[in-house]
Amino acid sequence: MGFFDFVKSVGKKLTGATEAQAGEVQGPSAEALKQELDKYQLGSQNVQIAIEGDQVTLSGSVADQATLEKVVMAVGNAHGVARVNTDDLKVEAAQQGAAEPRFYTVKEGDTLWKIAEGVYGKGQGNRYTDIFEANRPMLSHPDKIYPGQTLRIPE
């Protein structure tokens, strides 16, 4: 799949952070990220996590493309993570010709309704529920999004 970029200075702060240089954003440990990922019960039990600096590398396997995208969102939206590498993460039920995943980084003043109208077109704000469902269980409520957060945008 490749590399996915995130805003390093925002996101959920996890316990078990790694040591950082003075003034740097401190990132989570691989163990803390794995615990966070496992709590969502996405079917990511075969995913291994390695960290080098602010980059997370995922390896192992997931059942399908949707699970891969949710795993990327779950670890990438952690405070201190700037990039997620999925080159070593295998998708068991890979679909040929599947569309590239679409992601959106939340801006100040955004709502899911506004995002839905932006990506699906004017008058399509009610499709905010599609975006919300595509990001569950990482999102617990449609109003709980924050600037810098990356969301998965379904087709």
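The values are calculated or read from the model by the stated rules, or taken from the named source; none is laboratory data. Since this is a predicted model, take the numbers as computed values, not measurements. All Cβ positions, even for glycine, are placed from backbone atoms using ideal geometry, and neighbour counts span all protein chains on display.
Residues of the range 64-108 that are within 15 Å of Gly148 (Cα to Cα), out of contact with any Asp or Glu (no Cβ under 9 Å at 6 or more places or on another chain), assigned to a loop (DSSP other than H, G, I, E, B) and among the aliphatic types (A, V, I, L, M): Val106 alone.
Given (1) within 11 Å of the chain's Cα centre (by Cα); (2) surrounded by fewer than 17 Cβ atoms within 10 Å (Cβ to Cβ); (3) not assigned by TED's automatic domain parsing to the domain that holds Leu37, identify the lone condition not met by Asp143. For Asp143, the failing item is (1). Answer yes or no: is there a residue in the range 71-84 that is surrounded by fewer than 18 Cβ atoms within 10 Å (Cβ to Cβ), touching a Ser or Thr at 6+ places or on another chain (Cβ under 6 Å), modelled with pLDDT of 95 or more and not assigned by TED's automatic domain parsing to the domain that holds Pro137. No, the conditions are met nowhere in the range 71-84.
Inside the range 140-153, can you point out the residues that are touching a residue at least 12 places away in the same chain (Cβ under 8 Å) and either at negative phi or in contact with an Asp or Glu (Cβ under 7 Å, 6 or more places away or on another chain) (or both)? Once the filter is applied, which keeps residues that are touching a residue at least 12 places away in the same chain (Cβ under 8 Å) and either at negative phi or in contact with an Asp or Glu (Cβ under 7 Å, 6 or more places away or on another chain) (or both), the range 140-153 yields Pro142, Asp143, Ile145, Tyr146, Pro147, Gln149, Thr150, Leu151, Arg152, Ile153. Mind listing whichever residues of the range 66-85 are of a type in the set (S, T, N, Q) and either closer than 15 Å to Phe132 by Cβ or touching a strand residue (DSSP E or B) at 6+ places or on another chain (Cβ under 7 Å) (or both)? Correct list: Asn77, Asn85. Within the range 121-138, the residues that satisfy the criterion of being surrounded by 15 or more Cβ atoms within 10 Å (Cβ to Cβ) and in contact (Cβ under 8 Å) with a residue 12 or more places away in the chain are Gly125, Tyr128, Asp130, Ile131, Phe132, Ala134, Asn135, Met138. Looking only at the range 30-60, residues that are of a type in the set (Ser, Thr, Tyr) and surrounded by fewer than 17 Cβ atoms within 10 Å (Cβ to Cβ) come to 2 in all. Considering the range 40-56, and only residues there that are among the polar types (S, T, N, Q) and under 14 Å from the mean Cα position of the chain (by Cα), the residue that is modelled with the lowest pLDDT turns out to be Ser44.
Taken together, the criteria exclude Arg127 from residues that are in the same structural domain as Ala30 (by TED's automatic domain parsing), closer than 21 Å to Gln65 by Cβ and not hydroxyl-bearing (Ser, Thr, Tyr).
Of all residues in the range 128-146, those being part of a loop (DSSP other than H, G, I, E, B) and hydrophobic (A, V, I, L, M, F, W, C) number 3.
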